[in-house]
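Scroll down for the structure; my scribbles are underneath it.
The values are calculated or read from the model by the stated rules, or taken from the named source; none is laboratory data. This one's a predicted model, so the numbers in the text were calculated from it and none came from an experiment. Heads up, the Cβs are rebuilt from the backbone with ideal geometry, glycines too, and the neighbour counts pull from every protein chain shown.
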Amino acid sequence: MATAGSAVGLGNIWKFPYIAGENGGGAFLIVYLICVLIFGLPLLMTEFIIGKKSGKSAFGAFQALRKNKKWQWLSWCCMLTAIIIMGFYFVVTGWCFHYVVAAVTHSFKGLDTGAFSEHFTSLVNNGGSMFAYSLLAVLLTAIVLWFDVNKGIERMSKILMPLLLLMMVLMAGRVLMLPDSNIGMKFFFQADFLKINPQTVLAAMGQSFFSLSIGMGAIITYGAYMPANQNISATSLQVVVLDTLVAVFAGLIIFPAVFAFGVDPAEGPQLVFVVLPAIFEQMSFAWFSGILFFGLLCVAAVTSTISLMEVAVAFLTEATEKTKHPLNRHKSVLVISAIVLVMVAFNGISLTNDGTWLCWEGKNFFDWSDMLSANIFMPLNAFAMALFVGWFMDKKDVRNQFGKQDSWLYRIGAIYLPLVRFLIPLAILAIFLNGLGIL
Ligand code: TRP
């Protein structure tokens, strides 16, 4: 449940629709589903195996399994990735908080998508207000980690996350009754294979990593907490199914609405923030639906920020443990929060009109963080982790993680090993080099 909480977040509801929209809809969906199956599932298992076998977080895991420090660099890459992701993730979480407030104060009543677009533009141009909302999100996350109330949050999200899914089903039902919704359905479900190009494939692979929280050591940490009798393949499969279900539902809601309201599906990060308020205007109990949905979205976002920040905090605590200046959990929470706030400020400023100095090659700092983390850092970290388990861990140890000998689960191990030894690293590398135009 905790891993599902980490996986289901803004990646599914905010990022998936906008990336799919930018990459041709149906063609992207097919490639995405393939990536989830051939990369997502085995790589989720890979991180679980590293964590469960070592009993350590991303900082100590590789070291513990190899009994030397040669793999320490990979821990640092995970940490760097966490910091980059948090920089923009907290900004978007801040937007969600803002939208709860806007929904409560009735700011959307009677407006059309043009006005929603303006609303969004004025939000991102008000750097101070944006920072305040992100600060709120950082504070909430830091408080949870400070008081170690993860358990309470998990219990709460066990009720709230199914509620979010239920709400999404209702919204999908409403959206499908809109005029022209069939155009959106076609866009999302009809694959035009001519639209698939190397960039689409790279984007789909990156999105599958991001959505499943793979390639950053988060799942390693969760694996370390896994009870010995818990089955890795079954858990991974459940997480993958749930996460993918939420993403597909998000697409099912957004795309019919996009076409019904005449919005451009390739609008970028603002897509869902323009379309969602328009959907609520069409629903019964518009005011209440908007508040409820954005509220639940905030919960989904915060269960993910908790997992992101936990990786960095655990890392810092363990990394400084044996030094002259050890940082305990509380100090680590403070240091990481401070670093994250600096990143948040850069991300936020780069979105405003005064942020042109934070733009390179037509992309701002926010876009770069978003793109670099998913399309470069996470695939490379996952690539290294696959090689680590495939080539540097004891084969028997790996296979024993799958279950009792001769059980059918144990046999999955026989398929898994060649995948992480050969197919996955080679495929990641090929997609990566191809997508960047190097191959
Ligand atoms: N998977 C989350 C989402 O879809 C984001 C996330 C949380 C994440 N923890 C992570 C991504 C760790 C990478 C690594 O919103």
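Scanning the stretch 15-35 for residues that are surrounded by 24 or more Cβ atoms within 10 Å (Cβ to Cβ) and part of a loop (DSSP other than H, G, I, E, B), which turns out farthest from the ligand (Cβ to nearest atom)? Once the filter is applied, the top-ranked residue is Gly25. When Phe388, Phe402 are screened for being outside any helix (DSSP H, G or I) and of a type in the set (A, V, I, L, M, F, W, C), only Phe402 passes.
Condition (residue is away from the ligand (no atom under 16 Å from the Cβ), more than 16 Å from Phe120 (Cβ to Cβ) and in contact with a His (Cβ under 7 Å, 6 or more places away or on another chain)) applied to the stretch 319-328: is it met by at least one residue?
Scanning the stretch 319-328 turns up no residue that is away from the ligand (no atom under 16 Å from the Cβ), more than 16 Å from Phe120 (Cβ to Cβ) and in contact with a His (Cβ under 7 Å, 6 or more places away or on another chain).
Close contacts from the stretch 4-15, counting a first residue that is under 19 Å from Gly268 (Cβ atoms) and at pLDDT 95 or above and a second that is part of a loop (DSSP other than H, G, I, E, B) and more than 6 Å from the ligand (Cβ to nearest atom), with Cβ to Cβ under 9 Å and a gap of 6+ residues or different chains, come to Gly11/Leu212; Trp14/Pro269; Lys15/Pro269.
In the set (1) more than 24 Å from the chain's Cα centre (by Cα); (2) at pLDDT 95 or above, the condition left unmet by Val333 is number (1). For Ile412, the requirement of being modelled with pLDDT under 90 and part of a helix (DSSP H, G or I) is met.
Annotation: Val342 fulfils all but one of (1) modelled with pLDDT of 95 or more; (2) in contact with a helix residue (DSSP H, G or I) (Cβ under 8 Å, 6 or more places away or on another chain); the unmet one is (2). Among residues of the stretch 83-94 that are within 11 Å of Phe346 (Cβ to Cβ), those with a Cβ under 9 angstrom from a residue that is surrounded by fewer than 24 Cβ atoms within 10 Å (Cβ to Cβ) and charged (D, E, K, R), sequence gap 6+ or separate chain, pair up as Phe88/Asp367. Is it the case that the stretch 72-82 has a residue that's among the aromatic types (Phe, Trp, Tyr) and either within 20 Å of Gln230 (Cα to Cα) or touching a residue at least 60 places away in the same chain (Cβ under 8 Å) (or both)? No, the stretch 72-82 contains no residue that is among the aromatic types (Phe, Trp, Tyr) and either within 20 Å of Gln230 (Cα to Cα) or touching a residue at least 60 places away in the same chain (Cβ under 8 Å) (or both).
If you check Thr221 against the conditions, is it on the phi < 0 side of the Ramachandran plot, modelled with pLDDT under 90 and surrounded by 22 or more Cβ atoms within 10 Å (Cβ to Cβ)? Here the answer is yes, as Thr221 does meet what is asked. If you check Lys70, Lys52 for being closer than 26 Å to Gly413 by Cβ, basic (Lys, Arg) and at pLDDT 90 or above, only one passes: Lys52. Considering Phe261, Phe255, Phe288, the condition of being under 26 Å from Phe116 (Cβ atoms) and without any contact (Cβ under 8 Å) to a residue 40 or more places away in the chain is satisfied by Phe288 alone.
Checking the structure you have, find out if any residue of the stretch 268-287 is touching a helix residue (DSSP H, G or I) at 6+ places or on another chain (Cβ under 8 Å), outside any helix (DSSP H, G or I) and within 16 Å of the ligand (Cβ to nearest atom). Yes; the residues of the stretch 268-287 include at least one that is touching a helix residue (DSSP H, G or I) at 6+ places or on another chain (Cβ under 8 Å), outside any helix (DSSP H, G or I) and within 16 Å of the ligand (Cβ to nearest atom).
Taking the stretch 77-126 as the range and being aromatic (Phe, Trp, Tyr) and within 16 Å of the ligand (Cβ to nearest atom) as the test, the residues that pass are Phe88, Tyr89, Phe90, Trp95, Phe97. The single condition among (1) surrounded by fewer than 24 Cβ atoms within 10 Å (Cβ to Cβ); (2) within 16 Å of the ligand (Cβ to nearest atom); (3) among the acidic types (Asp, Glu) that Glu47 does not satisfy is (1). Out of the stretch 288-317, which residues are more than 14 Å from the ligand (Cβ to nearest atom), farther than 24 Å from Phe16 by Cβ and among the aliphatic types (A, V, I, L, M)? Passing the criteria: only Leu316. On the basis of being within 16 Å of the ligand (Cβ to nearest atom) and buried (at least 23 other Cβ atoms within 10 Å of the Cβ), does Ala7 make the cut? Here the answer is yes, as Ala7 does meet what is asked.
In this structure, Val169 does not satisfy being surrounded by 14 or more Cβ atoms within 10 Å (Cβ to Cβ) and among the β-branched types (Val, Ile, Thr).
Residue-wise test of (1) within 16 Å of the ligand (Cβ to nearest atom); (2) in a helix (DSSP H, G or I).
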residue: Ile13; (1), (2): yes, yes
residue: Ser57; (1), (2): yes, no
residue: Asn68; (1), (2): no, no
residue: Ser75; (1), (2): yes, yes
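Leu166 meets the conditions (1) farther than 30 Å from Gly5 by Cβ; (2) free of Cβ contacts under 8 Å to residues at least 12 places away in the same chain in every case but one. The failed one is (1). Looking at the stretch 171-189, can you tell me whether even one residue there is under 30 Å from Met309 (Cβ atoms), in a helix (DSSP H, G or I) and within 15 Å of the ligand (Cβ to nearest atom)? No; the residues of the stretch 171-189 include none that is under 30 Å from Met309 (Cβ atoms), in a helix (DSSP H, G or I) and within 15 Å of the ligand (Cβ to nearest atom).
For residues in the stretch 214-240 being near the ligand (Cβ under 10 Å from one of its atoms) and assigned to a loop (DSSP other than H, G, I, E, B), which is nearest to Lys56 (Cα to Cα)? Applying the filter and picking the extreme gives Gly217.
Contact map, the stretch 400-427: residues that are closer than 14 Å to Leu387 by Cβ paired with residues that are among the aromatic types (Phe, Trp, Tyr), Cβ distance under 6 Å, separation 6+ or inter-chain. Pairs shown: Pro425/Phe383.
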